[in-house]
There are 2 protein chains.
Amino acid sequence: MLTVSVLGLGLIGGSLLRALARAGYPTCGYDADPATRAAAREAASDAPTGKVAWRVADSVADAAADTDLAVLAVPLPAASAVLDELAHAGFTGIVSDVTSVKGPVAELVAAHLPDARHIGGHPMAGKEVSGFAASDPTLFTDRVWALCLPEPGRRSEPAGDAVPLDDWLTVAETVTALGARVTPVTAAEHDTAVATISHLPHLAACAIAAAGGSGLPGTLAAGSFRDGTRVAASPPALVAAMCGGNAPALVPALDDMIAALAEARARLTSPDPIAAVRNWLVPGHTARSNWPPTAGPTTELPATADHLLALGRAGGWLTAVARNRHTVTAIRPA
Amino acid sequence: MLTVSVLGLGLIGGSLLRALARAGYPTCGYDADPATRAAAREAASDAPTGKVAWRVADSVADAAADTDLAVLAVPLPAASAVLDELAHAGFTGIVSDVTSVKGPVAELVAAHLPDARHIGGHPMAGKEVSGFAASDPTLFTDRVWALCLPEPGRRSEPAGDAVPLDDWLTVAETVTALGARVTPVTAAEHDTAVATISHLPHLAACAIAAAGGSGLPGTLAAGSFRDGTRVAASPPALVAAMCGGNAPALVPALDDMIAALAEARARLTSPDPIAAVRNWLVPGHTARSNWPPTAGPTTELPATADHLLALGRAGGWLTAVARNRHTVTAIRPA
């Protein structure tokens, strides 16, 4: 069976360690913080039986030794150092990660571990809490886990398939075994999507909160303000790293939003503002009324990059990889 | 004691009827819908004692006859007809209303009931449900109720005080008796504030939902999308009436939001996008972290238009009017 190391044991890494062990994978964890390592060791021991659910290593090299898959679960600024340690240890397995932007991580891996078999990932799971103490083996159950395939154009380059599909299917198999829904994406598709669905809501929330959060407007504000600005309470350093780190994808998404609001403004100054703005509101209303997507029928799909990326573009996901790796079990939105 | 008629018995009007009766005001209700009138009559009777909590009239004229204060609780498009009936009945008491824009209502009153002693109001209370069946006498407890004073400039015009402060204090006394927090505002201040705290969140929600609610982004979308777009699910006709009806105040608020987002865009394309956008995020983060405002110490304020409007501009509210009407009990945000 595949052996996995998880490098970084915060909320996501710790939950991944627990979920992998529960799914039966031989697993080893590492965290730069000795107290976190001690907590993870303590949690691994089942006193009555004497069994240890997972191993906790004292270095990246020790954690990754003899493992087939190493998952980086550290914040983006800490990734370079971990990649350097993997390179120094001569790691030759598959490298994955769980960071929230995919293009910048791929660039870091190319710079620090140029021969890596890298499959970028992003579990769409989070909590208000953080740290190993908050980790939960069921965190990924029925949650989407974006998993990167290379850009279609790059697959036919003479240099060959930078990411062999077999490695992608190995990671997909592991993640679906945790109960997650694997959505195949290119790094660019992922970064464009999260710009719209996560980074724009953060910018809009801060703009509205700054304009209306205090004085008379703040006293009159009620439900639509409360929900529309909730994420403005997130730490600015975190949001800035997220937005600034994804600037190439966020800037065009922001341009589209500014253009949409400018169109709403034009309609509000037209001869019949109510009718004109009503037509502008309908597409967003329709999209939100149909969200979140519900699962359509289950199908078997050929396990090729083209079929997988088409599935992801349609908002679909896979729930299993066939043992022979020729097909995957796929679900499209209803 | 003041006698009050409530014209329109939906969620807000029905709750107002119940709250007034519970506070001891002789109260009469009217609704254009006979079934609603029947339900309101049924709810008024306390079978064991034979007492009737409020009267239900069969016409606007009958409801308003011999009452000191008539409160319009109908949607904006229905207001003209009710005002015409009040005019035809020769009503000479105070007219108030509970609609969500204050400038347009004031214009309607001026057109249909030119001699009215009109005090515009807007309780910042709502529910997902509507209709008399959902009405609740505690709906206004500890909720803000914006109450309009005339524009400062107009008070010194030779034509005199269009809204005598005495009438304003009568309505404020009545509304505070229901447990509401009365925030004094001009119609323009109110309409500008709700453009920012309510109408902008609706427009931003629809823009983001239209861009990211379906396909791959819709499948990846999680918490920040869910909350940031919640109000996009509201009926477009309702949102359009609200936004389009407040276009003169909403257009400048929208211009400010577009300018703020353009500034964020400029920072995202600067040499250090993370640091630059972080500074942009801070004011919204600070405002949202301090919202909602908490009550500061209670003070007594002179009951003059200048003092009252200054209180409202600071985000404050009053909780009582002194019996001699020389002072009010006021609270500013902490």
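Laboratory data are not the source of any read-out in this text; all were calculated from the coordinates shown. Here the structure is a predicted model, which means the values were calculated and not measured. Here the Cβ positions follow ideal geometry from the backbone for every residue, glycine too, while neighbour counts run over all protein chains shown.
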Under the Karplus curve 6.51 cos²θ - 1.76 cosθ + 1.60, θ = phi - 60°, whole-Hz ³J(HN,Hα) for the stretch B:65-79, x wherever Gly or Pro sits: 4, 6, 9, 8, 9, 10, 10, 6, 10, 10, x, 3, x, 8, 5
Expressed in whole Å with the largest first, what are the equivalent ellipsoid semi-axes of the stretch A:191-270 derived from the C-alpha gyration tensor as the square root of 5 times each eigenvalue? 23, 20, 9
Based on Cβ point charges of +1 for Lys and Arg and -1 for Asp and Glu, what charge dipole magnitude is obtained for chain B about its Cα centre, in debye rounded to the nearest 20? 1060 debye
Excluding B:Ala322 itself, calculate the net charge of residues whose Cβ lies under 10 Å from the Cβ of B:Ala322, where each Lys or Arg counts +1 and each Asp or Glu counts -1. 0
Determine the shielding of peptide A:247-253 by partner chains: average, over its residues, the number of Cβ atoms on other chains within 10 angstrom of each Cβ. 4
From the phi of every residue in the stretch A:129-135, what ³J(HN,Hα) in whole Hz does the Karplus formula 6.51 cos²θ - 1.76 cosθ + 1.60 yield, where θ is phi - 60° and glycine or proline is x? 9, 9, x, 4, 4, 8, 5
Quick one: putting +1 on the C-beta of Lys and Arg, -1 on the C-beta of Asp and Glu, what dipole do you get for the protein assembly as shown around its Cα centre, in Debye to the nearest 20? 800 debye
Per residue of B:316-322, how many C-beta atoms from partner chains lie within 10 Å of its own C-beta, taken as a mean? 1
What are the extents of the Cα atoms of chain B along their three principal axes, listed from largest to smallest and rounded to whole Å? 73, 47, 39
What net charge is computed for the residues neighbouring B:Thr36, neighbours being all others with C-beta under 13 Å from the C-beta of B:Thr36, Lys and Arg scored +1, Asp and Glu -1? -2
Given the candidates B:Gly218, B:Ala266, B:Ala193, the one whose Cα lies deepest towards the positive end of the charge dipole of the stretch B:191-270, counting +1 at each Lys or Arg C-beta and -1 at each Asp or Glu C-beta, is B:Gly218
Could you give each residue of the stretch A:265-275 its phi-based ³J(HN,Hα) in whole Hz, using Karplus coefficients 6.51, -1.76, 1.60 with θ = phi - 60°, and x for Gly or Pro? 4, 4, 5, 5, 9, 7, x, 10, x, 5, 5
With the dipole of the stretch B:24-119 defined by +1 on each Lys or Arg Cβ and -1 on each Asp or Glu Cβ, the option from B:Leu69, B:Gly50, B:Val105 whose Cα lies farthest towards the positive pole is B:Gly50
In debye to the nearest 20, the charge dipole size for the stretch A:4-140, taken about the Cα centre with +1 at each Lys and Arg Cβ and -1 at each Asp and Glu Cβ, equals 380 debye
Label spacing, shortest first and in nm, from B:Asp306 to its equivalents in the remaining copies (7 angstrom along Cα→Cβ): 7.9
Rh_Kirkwood(the stretch B:4-140) over Cα pairs, Å, one decimal, evaluates to 14.8 Å
Here the stretch B:222-334 gives, from Cα atoms, an Rg and Dmax in Å of 20.2, 64
For chain A, longest principal axis from Cα atoms; helix A:34-44 axis from its Cα atoms; angle between them, nearest 10 degrees, is 70 degrees
Packing-based order for B:306-316, A:215-225, using average beta carbon neighbours within 10 Å, highest first: A:215-225, B:306-316
Can you give the Rg to Rh ratio of the protein assembly as shown, both from alpha-carbon atoms, with Rh computed by the Kirkwood formula? 1.08
Among bridges DSSP assigns within chain B, what percent are antiparallel (round to 5)? 40 percent
Compute the label-point distances linking B:Ser289 to its equivalents in the other copies; points lie 7 Å from Cα along Cα→Cβ; give nm, one decimal, shortest first. 4.0
Exposure proxy check on A:Ile258, B:Ile12: fewest-to-most Cβ neighbours within 10 Å is A:Ile258, B:Ile12
Taking every other residue with Cβ under 14 Å from the Cβ of B:Met257 and scoring Lys and Arg +1, Asp and Glu -1, one gets -2
Given A:201-213, B:70-82, B:182-194, A:169-181, the highest-first ranking by average Cβ count within 10 Å works out to A:201-213, B:182-194, A:169-181, B:70-82
Just counting partner chain Cβ atoms within 10 Å, what average do the residues of peptide B:138-147 show around their Cβ? 1
